[in-house]
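Take a look at the structure set out below.
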Amino acid sequence: MKAILVTGAAGFIGSHLCEYYLRQGYQVVGMDNYLTGRVDNIEHLQQHYKSDFFFVELDVSKPWPYIENFHIQNLKYVFHFASPASVKNYQKYPLETMWVNSTGLSHAIKFADEHKARLIFASTSEIYGTPLSSPQKESDWGNVNSFGARSCYDEAKRFGESLIYTSNKFNNTSHGVVRIFNTYGPRMNAEDDRVVNSFVNLAAQAQDLMVFGDGKQTRSFCYIDDLINGITKYAGSELTQPVNLGNDSEITILELAELVITITGSKSKIVFNSLPEDDPPQRRPDLSLAYSQLGYTPSVSLTDGLKRFIGTK
Ligand SMILES: NC(=O)c1ccc[n+]([C@@H]2O[C@H](COP(=O)([O-])OP(=O)(O)OC[C@H]3O[C@@H](n4cnc5c(N)ncnc54)[C@H](O)[C@@H]3O)[C@@H](O)[C@H]2O)c1
């Protein structure tokens, strides 16, 4: 029986990754310190997969306890997904964000190397910063403010990518990097203030939907099932270079607000507020590498994904 380890297992994406591999018959070790994750996200896994799912409550930025304690044999992948991910959370926990994507990542790499496992690091579209061209290609080096409110996240992820590159080069390993664009779906934390979740929740209560600036900034939203498909395809490949994953259909935030109101039939109004510091004007992944190397294309449209998501509320 093969095993995987997921850091950030009690979070949104981590819990879906655990579930995917448990369904495939893997043993799964999940680690989390519940900084931004929730017990609710993994309780069903603990109940349904009693003998195959092991949970370790741990701050992965601190030294890891002895590996024997984790009951792991035949470890295939380590997914390093622990990190605050929303603007609200990484600005609330800026130092924790920097440590988990550097020290925490180095612990995860060491653990993977000891087990001869392949590590996949969750990077982000935020490494592109304020893009100089669109859609964002993996070959773009990014235009990032290293000394600002978002730099704790953007630069920590950039450091993480560099750590993977350097470890591979000098330790002869084949760890990989996925650059994740905005993803939504069940188990997102309502407290995160991530835009899709926040609009859906406000619309359900007929409260105003707040749009920053003139709402013309664009984003591309990926449904969680598509993202998990992309991550697992990447893990199963031999790629070590970063690959964009997400959905390349672009929409303005204003259009998103209107779409959520239409789908929910809500009486909510749209209100405007000033743009936050370093808010990126455009986000759209170039997915040609994901397509050519992994055969990845997203299959869930925003309208269908929103309907599915709203149906789970
Ligand atoms: N959701 C997205 O749209 C998106 C986009 C780009 C990148 N990502 C990346 O994907 C990963 C997962 O994001 P998410 O949306 O599931 O976020 P999330 O906040 O729902 O999950 C992150 C999990 O990591 C845990 N965690 C944080 N610091 C920890 C530490 N020191 N030790 C142990 N656990 C810790 C949190 O408690 C949480 O359960 C993150 O690395 C994030 O940067 C997500």
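A few comments on the model shown:
- Matching residues in segment 1-20 - criterion: being hydroxyl-bearing (Ser, Thr, Tyr) and open to solvent by 10 Å² or more (accessible area, probe 1.4 Å): Tyr20
- Number of the exception - Asn197 against (1) more than 9 Å from the ligand (Cβ to nearest atom); (2) in the same structural domain as Glu258 (by TED's automatic domain parsing); (3) open to solvent by 10 Å² or more (accessible area, probe 1.4 Å): (3)
- In the set (1) within 11 Å of the ligand (Cβ to nearest atom); (2) open to solvent by 30 Å² or more (accessible area, probe 1.4 Å); (3) part of a loop (DSSP other than H, G, I, E, B), the condition left unmet by Leu132 is number (1).
- Scanning segment 76-118 for residues that are over 19 Å from Tyr66 (Cβ atoms) and touching a residue at least 40 places away in the same chain (Cβ under 8 Å) yields a total of 26.
- Verdict on Pro298 being assigned to a loop (DSSP other than H, G, I, E, B), farther than 28 Å from Glu19 by Cα, open to solvent by 10 Å² or more (accessible area, probe 1.4 Å) and not charged (D, E, K, R): no
- Cβ pairs under 7 Å, 6+ apart, first in segment 216-230 and within 19 Å of Asp279 (Cβ to Cβ) and of a type in the set (D, E, K, R), second assigned to a loop (DSSP other than H, G, I, E, B) and modelled with pLDDT of 95 or more: Arg219/Asn182
- Options Thr240, Thr232, Thr262: the member that is out of contact with any Pro (no Cβ under 6 Å at 6 or more places or on another chain) and either open to solvent by less than 30 Å² (accessible area, probe 1.4 Å) or in a strand (DSSP E or B) (or both): Thr232
- Subset tally (residues that are in a helix (DSSP H, G or I) and open to solvent by 40 Å² or more (accessible area, probe 1.4 Å)) for segment 105-125: 5
- Number of positions in segment 5-27 that are away from the ligand (no atom under 15 Å from the Cβ) and either in contact (Cβ under 8 Å) with a residue 60 or more places away in the chain or on the phi < 0 side of the Ramachandran plot (or both): 6
The values are calculated or read from the model by the stated rules, or taken from the named source; none is laboratory data. Model, not experiment: these values are computed from the prediction. For neighbour counting, all protein chains shown are included, and Cβ atoms are generated from backbone atoms with ideal geometry for every residue, glycine included. With ligands, DNA and RNA removed, areas are computed over all heavy atoms of the protein, side chains included. Shrake-Rupley method; radii C 1.70, N 1.55, O 1.52, S 1.80 Å.
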